[in-house]
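The block underneath contains the structure these notes are about, expressed in structure tokens.
The values are calculated or read from the model by the stated rules, or taken from the named source; none is laboratory data. Bear in mind that the values here come from a model prediction, so they are computed numbers and not experimental data. Positions of Cβ are backbone-derived with ideal geometry, glycine not excepted, and every protein chain shown enters the neighbour counts. What goes into the accessible areas is simple: the full protein's heavy atoms, side chains included, and nothing from ligands, DNA or RNA. Shrake-Rupley method; radii C 1.70, N 1.55, O 1.52, S 1.80 Å.
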Amino acid sequence: MMNRTLAPARLPPDQRVYAIGDVHGCAGRLADMHRLIRADLAARPNPAPCVIHLGDLVDRGPDSAGVVAMLCRPWPDPADQVTVVNLMGNHEDMMLDAVTSADSGAVRHWLANGGRQTLESWGVPPSAPAARWWDAIPPAHLGFLRGLSLFHRAGGYVFVHAGLRPEVPLARQSREDLLWIREPFLSWAGALPLVAVHGHTPEAEPVVRANRIGIDTGAVMGGKLTCAVLEADTLGFLQT
Ligand SMILES: [Mn+2]
């Protein structure tokens, strides 16, 4: 039974959002989380649930290819009526930069930040990536990564990988901030355009403030994988 508390914002009646934090190649944990969501939907049906992945799907963990393959497939049971929204994180940004530019600096930067494990998961030996190593990544997987959104709005919330720059309207937020920001966002006590539900900055437990909900609980570093469950003016968590 999920413990639910008062949330810092609200969703329209009948909407339910499941927002999942940084997965980082932990395909088994993500599959476990999807099973928890399906069990919750079976116990408490909802007419139009939305599952949002907050980015940093790839890098560092053992099976980024498995995570992307899973998210390229439709939700396991159409009867759940689930809409899936996939957001971009700074790690997808680094990976796409490496693949697209093939600039040696961009490639080195990505490989040094968890890209080696990602390449290995697509069958590329991590020690010495050969020329055109990106050919090992199926076009459908690259297309999926290129199609990721920078943010998603629902009710009083904006779902985004890293956060928002305070005192800047949502429409004028930079791609850089949406994917990478830490301070001054994390310490900002004033209002933001919407309550931000975000990952990117790992903490031992979810962080709930008046203006943000942080749910990167460091799954790839031995922590939990966290899913925030938002409905009306309530907030609960699923964790694996
Ligand atoms: Mn991140």
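Table for the structure above
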| item | result |
| --- | --- |
| Set 54, 71: member being within 17 Å of the chain's Cα centre (by Cα), in contact (Cβ under 8 Å) with a residue 24 or more places away in the chain and under 23 Å from residue 177 (Cα atoms) | 54 |
| Hits in segment 205-240 - residues which are more than 16 Å from the ligand (Cβ to nearest atom), open to solvent by 30 Å² or more (accessible area, probe 1.4 Å), among the aliphatic types (A, V, I, L, M) and not in a loop (DSSP other than H, G, I, E, B) | 208 |
| Residue in segment 181-200 that is nearest to residue 221 (Cα to Cα), counting only those that are part of a strand (DSSP E or B) and within 16 Å of the ligand (Cβ to nearest atom) | 198 |
| Residue within segment 171-180 that is in contact with a helix residue (DSSP H, G or I) (Cβ under 9 Å, 6 or more places away or on another chain), part of a loop (DSSP other than H, G, I, E, B) and modelled with pLDDT of 95 or more present | no |
| Subset of segment 135-170 (residues that are free of Cβ contacts under 8 Å to residues at least 40 places away in the same chain, closer than 21 Å to residue 189 by Cβ and in a loop (DSSP other than H, G, I, E, B)) | 164, 165, 166, 167, 168, 169 |
